[in-house]
Structures are given as structure tokens and as C-alpha cells.
Amino acid sequence: MGSAAMLTWNAIGFVASGLVLAAFCMKDIVPLRLIAVGSNVAFLTYGLALGLAPVWLLHAALLPINCWRLWQGVSPNLPEHSSNLFFRKLPSH
């Protein structure tokens, strides 16, 4: 693989890592899940491109979980999520 291609894949890996960091800094669950989905897609791309099975397998498993939880967070037809640990807004300090 050429150096230009590696530079591209490394950039995707850094973007994915930055998205994970951003997700950990978020308080509201819907934006957190949106960023997590983006991170999963970026890490899937990175892991598949470089043949990193542990990376792409993990994010292949996390992607549907994050999509499901995001859907639960934005769906108006589901019951209130305030008692659910996954949907509570984290307390401000």
C-alpha cells in the first residue's frame, strides 16, 4: 500500500478516534449516539481497509446497537425514557 493511501487510512482512523473522544464528552444521549454511529462507520472503514479484524468486528457489533438506541431516543412512539439508564441526561457538575 502506498504512502498516500496509508495517509488517507490514518486520517480516517484519527477522525474515528476523535469521534469517540467527542462521544465521551457529551451529556445528551441523542447527539452522543449520532457521534457514536459516525465513529462506528469510520472505524469500520478503517478496520476493513487495513485488515484489522478486531477493530472492524467490534464496530460492526456496536453499529446496530448504537442505531437501535438512537432510534429509541428519537422515536416519538416509545414511552418516556427518563427512568431508563441509557436515556437519562447526565447530571451537570
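Do we have any residue at all in segment 54-66 that's within 30 Å of Ser92 (Cβ to Cβ), aliphatic (A, V, I, L, M) and in contact with a Leu (Cβ under 6 Å, 6 or more places away or on another chain)? No, that holds for no residue. Of the residues that make up segment 53-66, is at least one more than 30 Å from Gly2 (Cα to Cα), surrounded by 19 or more Cβ atoms within 10 Å (Cβ to Cβ) and touching a Lys or Arg at 6+ places or on another chain (Cβ under 9 Å)? Looking for residues that are more than 30 Å from Gly2 (Cα to Cα), surrounded by 19 or more Cβ atoms within 10 Å (Cβ to Cβ) and touching a Lys or Arg at 6+ places or on another chain (Cβ under 9 Å), one finds at least one in segment 53-66, hence yes.
For (1) among the aliphatic types (A, V, I, L, M); (2) assigned to a helix (DSSP H, G or I); (3) out of contact with any His (no Cβ under 9 Å at 6 or more places or on another chain); (4) in contact (Cβ under 8 Å) with a residue 24 or more places away in the chain, each residue gets a yes or a no:
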{"site": "Gly13", "(1), (2), (3), (4)": "no, yes, yes, yes"}
{"site": "Leu19", "(1), (2), (3), (4)": "yes, yes, yes, no"}
{"site": "Val37", "(1), (2), (3), (4)": "yes, yes, yes, yes"}
{"site": "Val41", "(1), (2), (3), (4)": "yes, yes, no, no"}
{"site": "Ala61", "(1), (2), (3), (4)": "yes, yes, yes, no"}
{"site": "Pro64", "(1), (2), (3), (4)": "no, yes, yes, no"}
{"site": "Trp68", "(1), (2), (3), (4)": "no, yes, yes, no"}
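Counting the residues of segment 67-82 that are farther than 24 Å from Val41 by Cβ and at pLDDT 95 or above gives 0.
The values are calculated or read from the model by the stated rules, or taken from the named source; none is laboratory data. Since this is a predicted model, take the numbers as computed values, not measurements. Quick reminder, even Gly has a Cβ in these numbers, built from the backbone with ideal geometry, and neighbours come from all protein chains shown.
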